[in-house]
Amino acid sequence: MEIILASHNLHKMEEMKAALKDLHFEIKTLNDFPEIGDIPETGATLEENALLKARTVNKLTGLPAIGDDTGLEVDALAGEPGVYSARYAGENVTYEDNVNKILNEMTHIREHERTARFRTVTAFVDGFDEITTAGKIEGLITKEPKGTSGFGYDPVFYIPEMKCTFAELSTEEKNKISHRGHALQKLSKLLSAHWSANETTGV
């Protein structure tokens, strides 16, 4: 069986493939379908965007698809950037641009007030069923980037229990505790049960 990850983001695809490795299917990405360009994230919520991506790819290819969307919620910024995390500093910006905007806006925020969380919603769509899962992790925004792994806001998202930022963890370590890792672990279990039930009923 083939399944498509509805993303062109190489870093995200790496994490998703690693988290879904126990499912026995061939994982493809949008890079295998160059005719499918970027899918606009026009939803008002993470779930809407995740479903939008998965539905679009499923409709265009006829294959099962997994979409996801992630938001960073910073309490001192009234929950921003949230659903706009990928384009917080504007359209077509770099990860560094987004990180710098966050840090600049939090220059005078004290350490104990720098609380934040990552949320991820994943969505599976195969033309018959739709399954969504969610994951989150609490942390703090550092005052400067630390670490060279990961992507996005990883260098400034500090996990107190780990005593490091996401960017100081390997992909495997990050997937065990991260928002995306939790959402994908739930999805993997639900998909295994979903396919087992379909095999039993002959669907």
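The values are calculated or read from the model by the stated rules, or taken from the named source; none is laboratory data. The structure displayed is predicted, hence computed values, not measured ones. Using ideal geometry, Cβ is built from the backbone for each residue, glycine included, and neighbour counts are taken over all protein chains shown.
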**Asked** Would region 79-91 turn up any residue that is assigned to a loop (DSSP other than H, G, I, E, B), touching a residue at least 40 places away in the same chain (Cβ under 8 Å) and either surrounded by fewer than 16 Cβ atoms within 10 Å (Cβ to Cβ) or not basic (Lys, Arg) (or both)?
**Response** yes
**Item:** Checklist (1) surrounded by fewer than 17 Cβ atoms within 10 Å (Cβ to Cβ); (2) not in a helix (DSSP H, G or I) applied to residue 96, failing item
**Value:** (2)
**Complete:** Residues of region 22-39 being in contact with a strand residue (DSSP E or B) (Cβ under 9 Å, 6 or more places away or on another chain) and within 19 Å of residue 179 (Cα to Cα), in sequence order, are none
**Message:** If residue 7 meets every condition in (1) out of contact with any Gly (no Cβ under 9 Å at 6 or more places or on another chain); (2) closer than 24 Å to residue 192 by Cα; (3) of a type in the set (Gly, Ala, Ser); (4) outside any strand (DSSP E or B) apart from one, which number is that one?
**Reply:** (1)
**Item:** Residues located in region 153-172, provided they are in a helix (DSSP H, G or I), at pLDDT 95 or above and not small (Gly, Ala, Ser)
**Value:** 154, 155, 156, 166, 168
**Asked** Does residue 75 fit the bill of being modelled with pLDDT of 95 or more and acidic (Asp, Glu)?
**Response** yes
**Asked** Only one residue in 121, 156 is free of Cβ contacts under 8 Å to residues at least 60 places away in the same chain and in contact with a helix residue (DSSP H, G or I) (Cβ under 8 Å, 6 or more places away or on another chain). Which one?
**Response** 156
**Candidates 56, 42, filtered to the one that is in a loop (DSSP other than H, G, I, E, B) and of a type in the set (S, T, N, Q)** = 42
